[in-house]
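Structure first, commentary second.
Derivation of every value follows stated rules applied to the coordinates shown; laboratory data play no part. Quick caveat: nothing in here was measured; it's all calculated off a predicted structure. Note that each Cβ is placed from the backbone with ideal geometry, even for glycine, and that neighbours are counted across all protein chains shown.
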Amino acid sequence: MKNSQTENVDEKKYIVLIIYDIVENKARSKMVKYLNQYGVRVQKSAFEAFIPKKQYERILREAPGLIDPETDSLRIYILTNYMAVSSWGIGDTHTEDVIIL
């Protein structure tokens with residue numbers, strides 16, 4: 001039996017922003033279909049989701065497999081008390097400080 005503190009951690013939800021730039025139409029359509037399971041499309045290449053940690057972790061594991069890291073890019077931002085960014089594909093290195101206001 002879980003105690004109430006453990007349940008609160010397990011039920012905590014995160015606001016997640018997922019943005020992508022995918023060259024091939026078929027691959028882009030697969031990404032859209034995949035992300036529709038978790039959130040809402042807010043722009044052509046951006047989704048927002050309000051999801052629990054397990055779904056967030058599943059996206060981190062599965063979504064990178066839907067892109068070609070040589071030509072595409074994928075960024076997943078989790079919006080919490082602090083910012084954590086995971087990204088794959090072209091442009092996945094930061095050469096400047098990232099400032100989010």
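One table, with the values for the structure above:
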quantity	calculated
Chymotrypsin sites (Phe, Trp or Tyr not before Pro) within the range 9-86: DSSP coil, no more than 11 neighbouring Cβ in 10 Å	Tyr82
Length-normalised contact order of the range 12-89 in % [C-alpha pairs under 8 Å, at least 6 apart]	41 percent
Potential extension, Lys53-Ser86 segment - 0.36 nm per residue separation minus Cα distance	10.4 nm
Distant-in-sequence amide H partners of Asp72 (H built 1.01 Å from N, under 5 Å)	Ile90
Burial ordering of Val42, Val16, fewest other beta-carbon atoms within 10 Å first	Val42, Val16
Sequence-distant lysines (8 or more away, or on other chains) whose Cα lies within less than 26 Å of Lys53	Lys2, Lys12, Lys13, Lys30, Lys33, Lys44
Alpha-carbon Rg with Dmax, taken over the range 12-89, Å	11.7, 36
Hz values of 3J(HN,Hα) by residue in the range 74-80 - Karplus curve (6.51, -1.76, 1.60), Gly and Pro given as x	9, 10, 10, 10, 9, 9, 10
Modelled label reach - Leu17, point 7 Å along Cα→Cβ, the range 44-58 residues with backbone N closer than 16 Å	44-51
Label point distance in nm, Glu62-Val40, each placed 7 Å from Cα along Cα→Cβ	2.1 nm
